[in-house]
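Here is the structure we will look at, set down as structure tokens.
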Amino acid sequence: MHVPFAFRACSSQPWTTRLVLLPLWPIAFCLMVLQVLCSKTFTVSFYCLRGALHQTWTIPRYSFQYFIPPMKDGINRQIELAILRADRMGVKVLSLAALNKNEALNGGGTLFVDRHPDLRVRVVHGNTLTAAVILNEIPGSVKEVFLTGATSKLGRAIALYLCRKRIRVLMLTLSSERFLKIQREAPAEFQQYLVQVTKYHAAKTVKTWLVGKWLSPREQRWAPAGTHFHQFVVPPVIEFRRDCTYGKLAAMRLPKDVQGLGSCEYTMERGVVHACHAGGVVHCLEGWEHHEVGAIDVDRIDVVWKAALRHGLSPP
């Protein structure tokens with residue numbers, strides 16, 4: 001219901017549960033079933049920036065449906081049709097965003113690029129800028145961090161970037177094989193800064209937590225007082241600890257010359273978008289000709305960050 005063509009007054013403000021919408025949930029449920037049966041990608045909102053039209057297209061699926069194995073092929077088919085439609089229309093950049101770039105779903109977009117090598121539209125997952133936003137939130141004085149979701153696409157890139165800065169990274173993972181694979185990617189002189197841990201209590205003295213996997217209140221108890229939780233996990237963790245601080249999801253504020261913004265993106269204030277969304281904007285503004293799919297290129301994190309700032313995007 002948080003869309004301009006349903007309730008414009010609601011969509012113009014950050015999303016929150018509203019009592020007035022609760023009686024409409026049965027209608028929303030019926031629409032969900034109808035969408036699964038016969039709908040396709042549709043336009044939700046749009047804005048203009050420096051002569052280019054930016055639209056938000058929605059895949060007609062709810063987030064929980066992305067984790068139902070039998071629905072995987074259907075979702076990928078919807079995404080693929082959207083990419084081909086954008087290619088026919090002459091769209092320059094298509095940013096996958098949200099769960100549409102899930103590694104387990106389609107390899108962060110690699111599936112579509114490999115299947116259609118002649119695409120003119122550039123397919124982008126935007127996670128390079130997401131990594132940049134998270135990394136630039138970390139104070140320069142930090143020498144040790146605790147990383148959950150350490151072997152994910154973002155976790156890998158963050159770990160490899162930080163170890164090059166000689167920051168010790170405690171990587172929470174039970175898979176020694178995945179850890180060693182990432183450690184071998186680091187230059188030999190920096191590999192010692194990547195450390196595998198398998199329990200949360202290993203971080204009981206570390207005050208900088210990078211959260212890429214949802215934390216229960218029990219797991220949060222291992223953090224020492226004064227810890228700051230940087231997050232790249234959806235949904236955000238529950239702010240259980242009053243003696244700790246919690247960061248918001250990685251986001252960027254669009255340039256001041258953006259026009260036509262009438263709605264908010266999820267819980268963000270108007271004019272602020274998720275970092276992966278902003279990554280697609282930067283890709284378009286720079287006119288880059290490469291696809292940004294699959295694993296994050298660690299060498300491009302600073303390049304993308306500087307390009308975002310140069311075009312007027314800024315941390316919220």
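Here E265 passes the criteria (1) among the charged types (D, E, K, R); (2) open to solvent by less than 70 Å² (accessible area, probe 1.4 Å); (3) under 23 Å from G149 (Cα atoms) except the one numbered (3). Filtered by the rule that a residue be part of a helix (DSSP H, G or I), touching a residue at least 40 places away in the same chain (Cβ under 8 Å), farther than 24 Å from L37 by Cα and open to solvent by 50 Å² or more (accessible area, probe 1.4 Å), the range 77-116 gives a lone residue, E103. The number of residues in the range 208-220 being part of a helix (DSSP H, G or I) and either loosely packed, with under 15 Cβ neighbours inside 10 Å or touching a Pro at 6+ places or on another chain (Cβ under 6 Å) (or both) comes to 2.
For first residues located in the range 117-133 and touching a residue at least 60 places away in the same chain (Cβ under 8 Å), partners that are among the hydroxyl-bearing types (S, T, Y) and in a strand (DSSP E or B) and lie 6+ apart or on another chain with Cβ distances below 6 Å form the pairs V124/S95; G126/S95. Are any of the residues in the range 44-54 free of Cβ contacts under 8 Å to residues at least 40 places away in the same chain and either in a helix (DSSP H, G or I) or polar (S, T, N, Q) (or both)? Checking the range 44-54: not a single residue is free of Cβ contacts under 8 Å to residues at least 40 places away in the same chain and either in a helix (DSSP H, G or I) or polar (S, T, N, Q) (or both).
Filtered by the rule that a residue be out of contact with any helix residue (DSSP H, G or I) (no Cβ under 7 Å at 6 or more places or on another chain) and either buried (at least 19 other Cβ atoms within 10 Å of the Cβ) or not charged (D, E, K, R) (or both), the range 65-76 gives F67, I68, P69, P70, G74. For A295, the criteria (1) open to solvent by less than 40 Å² (accessible area, probe 1.4 Å); (2) closer than 24 Å to K165 by Cα; (3) part of a loop (DSSP other than H, G, I, E, B) hold in every case but one, which is (1). Any residue that is farther than 26 Å from V142 by Cβ, part of a loop (DSSP other than H, G, I, E, B), at pLDDT 95 or above and among the aliphatic types (A, V, I, L, M) - is there at least one of those in the range 243-254? Within the range 243-254, one or more residues are farther than 26 Å from V142 by Cβ, part of a loop (DSSP other than H, G, I, E, B), at pLDDT 95 or above and among the aliphatic types (A, V, I, L, M). If you go through the range 259-310 and pick out every residue that is over 13 Å from the mean Cα position of the chain (by Cα), within 28 Å of T17 (Cα to Cα) and of a type in the set (A, V, I, L, M, F, W, C), you end up with 4.
Scanning the range 117-159 for residues that are touching a strand residue (DSSP E or B) at 6+ places or on another chain (Cβ under 9 Å), over 19 Å from D302 (Cβ atoms) and of a type in the set (D, E, K, R) turns up R122, K143, E144.
One line per residue, one yes/no per condition, for (1) farther than 19 Å from E219 by Cα; (2) open to solvent by less than 40 Å² (accessible area, probe 1.4 Å); (3) in the same structural domain as A132 (by the TED database); (4) in a helix (DSSP H, G or I):
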| site | (1), (2), (3), (4) |
| --- | --- |
| I158 | yes, yes, yes, yes |
| R166 | yes, no, yes, no |
| V169 | no, yes, yes, no |
| R184 | yes, no, yes, yes |
| Q191 | yes, no, yes, yes |
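Filtered by the rule that a residue be outside any loop (DSSP other than H, G, I, E, B), surrounded by 14 or more Cβ atoms within 10 Å (Cβ to Cβ) and over 22 Å from the mean Cα position of the chain (by Cα), the range 1-21 gives C10, L21.
Against the conditions (1) touching a residue at least 24 places away in the same chain (Cβ under 8 Å); (2) assigned by the TED database to the domain that holds P139; (3) surrounded by fewer than 16 Cβ atoms within 10 Å (Cβ to Cβ); (4) in a loop (DSSP other than H, G, I, E, B), T205 satisfies every one except (1). Considering only residues in the range 171-182 that are open to solvent by 40 Å² or more (accessible area, probe 1.4 Å) and of a type outside the set (A, V, I, L, M, F, W, C), the one that is farthest from V142 (Cα to Cα) turns out to be E177.
The values are calculated or read from the model by the stated rules, or taken from the named source; none is laboratory data. Everything quoted here is computed from the prediction, not taken from an experiment. Cβ sites come from the backbone with ideal geometry, for glycine too, and all protein chains shown count toward neighbours. Keep in mind that these areas ignore ligands, DNA and RNA; they rest on the heavy atoms of the full protein, side chains included. Shrake-Rupley method; radii C 1.70, N 1.55, O 1.52, S 1.80 Å.
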